[in-house]
Amino acid sequence: MTIVITDPTLPLNVNGLSINMFKPKLQDFPDIQIGDIVKCCFKTNVFGRRIQGVVSRHSPEYVKILTEGSLDMNLLDSTIFSNLKGWYNSLKDSSMIPKKTFESKRPLLQVKDIQVGQFFDLVCKIVCKPNRSNNFQILGITDYTCNIQLLEPPLLLESEDLMGIQENMVIVCTLWDQYSTFHGIEVGSLVLLRNLKGKLDINGRLEVALNGDQFEPYHFIKLLSYQSPEIQTLKSLEMDYQNHDGIQNNQIPTSITLDHKYIKPNEISKINMILKSQTLNQIFKVNVKVVDYMPMNIQHFTRPLCDHCFETVLLNLGHMICPKCKSMDDYTFHYLFSLLITDGTGYLPLIVTGTDAINFFDGTQPCDLTIPNEHSSSIKKSLSRLWNVNHHGVTDAIEFSCFIKIDQTLVQGESKIRYKLVNTKL
């Protein structure tokens, strides 16, 4: 539940402070109405470069509604209450009550414009429904525009029929809470999705999510038809897509540059030059040595991720439980580690994950590396090719060639550049 508070210290044309409250059950929230005077105790954090208040589930923080004559108010509380009540009533009489608005600040975007960390609305078509649990529904959606960040097919849609639509036009959308059981959404449905947020999955692929709001049931999904005024742009793009011979055959349009077109096999780049580049999806070939890696224990180069929402599952009373969707013993091991590399001109942290990690280990599938088996032995043997241990016990790194892709991720609400290992085999 989110409320917005203000007081006479803020100008009337300035939105107040948002406070996000989290409780286990809906009935645990206070019944707050516009105009109520509240006493708050909360923590603050920064989200989207704005300060917000947070009242967590189990904490001493609180939001308490004050009423005239409350026995739990001291003299100072009573004085402040009277002043705030008089201030609010004067605004009410002059029709100058400050109001928080959300709709006007949220843009209507197309798939091609989606960025990490941005909230937006989207008119789209449902391409597939690969998965649903009690807490969420996975969708593949499109509006027939291409996003350069979708050139790698999302893992959740790998085995799905995308209705003949090319992969960089289809993005994964997760519906949470009450929207996971929204009736009427089927493959081929046309919908307006409000308050979506762009994010990255565990493998760095762009996706979107729609979280529920207990006080706005089903407000963020609107079913449309081909006669709806909101659908006209999508309808035109769909007709262009179907009538274009190249795109009809699932070819990437010429306006989109494939990753491999950046690769110049005979051109060796330098790390200091890569660190200066800001071009997403650009790929460089480098000759480097590994000087360090994370996690420090190689047994942790793989981790168990939930098959539904890709969160790391945790062992609890003999079962592997997902802390996000609460699924039990429904997980798969995935590679996720980083190498610190150098070529003498600089140092660069390199993320190794997903299908690129499998290719790096010559096709060896990820597994539980804490258990000795054929797969774990193969992975450790492959890693030994990165360095030698001489007869004095000193580790000597071995130079090798690899390809580096410039990617982005979200850190504390801001997009940051990161570097991924691609198209490389030990």
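The values are calculated or read from the model by the stated rules, or taken from the named source; none is laboratory data. Because the structure is a prediction, the values reported are computed rather than measured. Positions of Cβ are backbone-derived with ideal geometry, glycine not excepted, and every protein chain shown enters the neighbour counts. Side chains are part of the model used for accessible areas, which takes the heavy atoms of the whole protein and leaves out ligands, DNA and RNA. Shrake-Rupley method; radii C 1.70, N 1.55, O 1.52, S 1.80 Å.
What's the total number of residues in the range 60-77 that are small (Gly, Ala, Ser) and open to solvent by less than 40 Å² (accessible area, probe 1.4 Å)?
Narrowing the range 60-77 to residues small (Gly, Ala, Ser): 69-70.
Those left that are additionally open to solvent by less than 40 Å² (accessible area, probe 1.4 Å): 70.
Number satisfying all stated conditions: 1.
Kindly provide the set of residues from the range 296-325 that are in a loop (DSSP other than H, G, I, E, B) and surrounded by 13 or more Cβ atoms within 10 Å (Cβ to Cβ), ordered by number. The answer is PHE301, ASP307, HIS308, CYS309, PHE310, GLU311, VAL313, CYS322, LYS324, CYS325. When GLN282, GLN251 are checked against the criterion of being more than 30 Å from PRO24 (Cα to Cα), open to solvent by less than 80 Å² (accessible area, probe 1.4 Å), modelled with pLDDT under 90 and not hydrophobic (A, V, I, L, M, F, W, C), GLN282 stands alone in meeting it.
The set of residues in the range 23-36 being in contact (Cβ under 8 Å) with a residue 12 or more places away in the chain and open to solvent by less than 100 Å² (accessible area, probe 1.4 Å) consists of LYS23, PRO24, LEU26, PHE29, PRO30, ILE32, GLY35, ASP36.
Residues of the range 100-154 that are modelled with pLDDT of 90 or more, within 28 Å of THR355 (Cα to Cα) and in contact with a Phe, Trp or Tyr (Cβ under 7 Å, 6 or more places away or on another chain): TYR144 alone.
If you go through the range 356-387 and keep only what is within 23 Å of PHE284 (Cα to Cα) and open to solvent by 70 Å² or more (accessible area, probe 1.4 Å), you end up with ASP362, ARG385.
Quick one: is ASN243 crowded, with 17+ Cβ neighbours inside 10 Å and at pLDDT below 75? Here the answer is no, as ASN243 does not meet what is asked. Of the residues examined, LYS264 is not one that is open to solvent by 80 Å² or more (accessible area, probe 1.4 Å), farther than 24 Å from SER376 by Cβ and at pLDDT 85 or above. One residue is enough: does the range 155-165 have a residue meeting the conditions at pLDDT 80 or above, crowded, with 16+ Cβ neighbours inside 10 Å and over 16 Å from the mean Cα position of the chain (by Cα)? Yes, some residue in the range 155-165 is at pLDDT 80 or above, crowded, with 16+ Cβ neighbours inside 10 Å and over 16 Å from the mean Cα position of the chain (by Cα). Mind listing just one residue for me: the one in the range 326-342 that is in contact (Cβ under 8 Å) with a residue 60 or more places away in the chain and open to solvent by 30 Å² or more (accessible area, probe 1.4 Å) and, of those, farthest from TYR293 (Cα to Cα)? In this case the residue turns out to be LYS326. Scanning the range 343-355 for residues that are in a loop (DSSP other than H, G, I, E, B), open to solvent by 20 Å² or more (accessible area, probe 1.4 Å) and farther than 15 Å from PHE403 by Cβ turns up GLY344, THR345. For the range 267-279, a residue qualifies if it is open to solvent by 50 Å² or more (accessible area, probe 1.4 Å) and either part of a loop (DSSP other than H, G, I, E, B) or within 11 Å of TYR419 (Cβ to Cβ) (or both), and the qualifying residues are GLU267, ILE268, LYS270, LEU275, LYS276, GLN278, THR279. If you filter the range 26-50 down to residues that are at pLDDT 80 or above and part of a strand (DSSP E or B), you find that the one that is nearest to LEU84 (Cα to Cα) is ILE37.
Going by the conditions given, is THR370 out of contact with any strand residue (DSSP E or B) (no Cβ under 8 Å at 6 or more places or on another chain) and under 10 Å from THR302 (Cα atoms)?
Values: out of contact with any strand residue (DSSP E or B) (no Cβ under 8 Å at 6 or more places or on another chain): yes; under 10 Å from THR302 (Cα atoms): yes.
When the stated conditions are applied, THR370 passes them.
In the range 389-419, which residues are open to solvent by less than 30 Å² (accessible area, probe 1.4 Å) and modelled with pLDDT of 85 or more? Within the range 389-419, CYS402, ILE404, LYS405, ILE406, TYR419 qualify.
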